[in-house]
Amino acid sequence: MSAREWTASELRRAALRPEERSERGSEQVGLTYTWTALAAVAVVVSFDMWVARTRLVTRRSFWTAYAIVLFFQLIVNGLLTGLSIVRYDPARILGPRLVFAPPEDVLFGFAMVTLTLTLWVWAGRSAARRAAPPATGPGR
Amino acid sequence: MHGAYLLILAACVVGTLPLEFVLRVGVYARWRRLACAVLPVAVLFSAWDVAAIRARWWHYDDAYLVGVTLPGRLPLEELLFFVVIPVCAVLTLEAVRARKPGWTFGDECP
């Protein structure tokens with residue numbers, strides 16, 4: 001981020017939170033949404049791969065569904081942010097916008113959708129195993 | 001317009017209903033399994049949202065909200081968002097399964 005953009009970001013932030021205006025404000029809170037969203041993606045992918053062992057992120061079925069969800073997410077998120085139903089503290093995000101929304105929202109959405117689908121598939125697999133134990137199950 | 005956010009969520013629910021009733025994916029019909037997938041996500045992401053609102057990462061414009069605020073200053077619409085969007089995601093996954101019966105999803109019988 002250039003010095004000039006940083007200053008603009010500071011100004012917007014100061015306007016948002018005048019009571020907490022400080023010289024070092026952005027250093028203290030910099031990009032917290034960006035980092036937590038990245039961490040959430042890492043945690044959810046790890047859960048899918050090594051805890052639930054559903055391995056959705058290795059399947060084209062998951063990525064096909066996610067691509068469809070992402071398309072509609074960009075519309076819904078674009079409405080929420082474009083209409084300013086939700087507004088972000090500029091100090092917490094990188095800055096660029098994707099259909100009005102910060103790209104961090106895509107990471108947030110990916111973590112939410114992937115965790116949901118992992119739990120759905122995990123619950124379904126558990127039920128399938130109870131219904132047909134491996135020793136006597138028919139193979140599919 | 002106070003109902004704007006709620007209207008967007010309603011459009012998500014209505015827009016995906018044909019998957020349940022035309023494509024017959026049976027997601028709402030398997031409501032216990034759906035609850036296992038959606039409730040933990042709704043709790044976790046609502047908690048994240050409450051923390052973010054408290055830390056002022058973002059805020060909501062009251063002009064677009066119906067005005068029901070849950071504990072933690074969470075707008076009702078946000079809690080609904082964390083239920084509606086996960087349900088839409090499950091409907092989408094099952095729609096892919098309905099159209100691509102040869103693909104694996106990880107929950108096939110072992």
Residues located in the stretch A:94-135, provided they are among the hydrophobic types (A, V, I, L, M, F, W, C) and open to solvent by less than 10 Å² (accessible area, probe 1.4 Å): A:A101, A:A111, A:M112, A:V113, A:L117, A:W120, A:V121
What number of residues within the stretch B:1-22 are β-branched (V, I, T) and loosely packed, with under 12 Cβ neighbours inside 10 Å? 2
Check A:F62 against each of (1) at pLDDT 95 or above; (2) on the phi > 0 side of the Ramachandran plot; (3) surrounded by 15 or more Cβ atoms within 10 Å (Cβ to Cβ) and name the one condition it does not meet. (2)
Sole miss for B:A63 among (1) crowded, with 19+ Cβ neighbours inside 10 Å; (2) under 17 Å from B:M1 (Cβ atoms) is condition (1)
What pairs can you find where one residue is in the stretch B:84-98 and more than 8 Å from every other protein chain (Cβ to nearest Cβ), the other is charged (D, E, K, R), and their Cβ atoms are less than 8 Å apart, with a gap of 6+ or different chains? B:L91/B:E20; B:A98/B:R24
In the stretch B:39-62, which residues are assigned to a loop (DSSP other than H, G, I, E, B) and of a type in the set (D, E)? B:D61
Which listed residue, of A:L119, A:L70, A:L80, is touching a residue at least 12 places away in the same chain (Cβ under 8 Å), within 16 Å of B:L91 (Cα to Cα), facing another protein chain (nearest Cβ under 8 Å) and among the hydrophobic types (A, V, I, L, M, F, W, C): A:L119
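If I go through the stretch A:45-59 residue by residue, how many of them are part of a helix (DSSP H, G or I), surrounded by 14 or more Cβ atoms within 10 Å (Cβ to Cβ) and without any contact (Cβ under 8 Å) to a residue 40 or more places away in the chain?
Step one: filter the stretch A:45-59 for residues part of a helix (DSSP H, G or I), giving A:45-51, A:56-58.
Still in the list and also surrounded by 14 or more Cβ atoms within 10 Å (Cβ to Cβ): A:45, A:47-49, A:56-57.
Those left that are additionally without any contact (Cβ under 8 Å) to a residue 40 or more places away in the chain: A:49.
So the count comes out to 1.
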Do the conditions hold for A:D89, that is, is it at the interface with chain B (Cβ under 10 Å from one of its Cβ atoms) and at pLDDT 95 or above? no
Test: B:V25 is outside any helix (DSSP H, G or I) and surrounded by 14 or more Cβ atoms within 10 Å (Cβ to Cβ): yes
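The values are calculated or read from the model by the stated rules, or taken from the named source; none is laboratory data. This one's a predicted model, so the numbers in the text were calculated from it and none came from an experiment. Cβ atoms come from the backbone with ideal geometry, glycine included; neighbour counts cover every protein chain shown. To get the accessible areas, we keep the full protein, side chains included, count just its heavy atoms, and leave off ligands, DNA and RNA. Shrake-Rupley method; radii C 1.70, N 1.55, O 1.52, S 1.80 Å.
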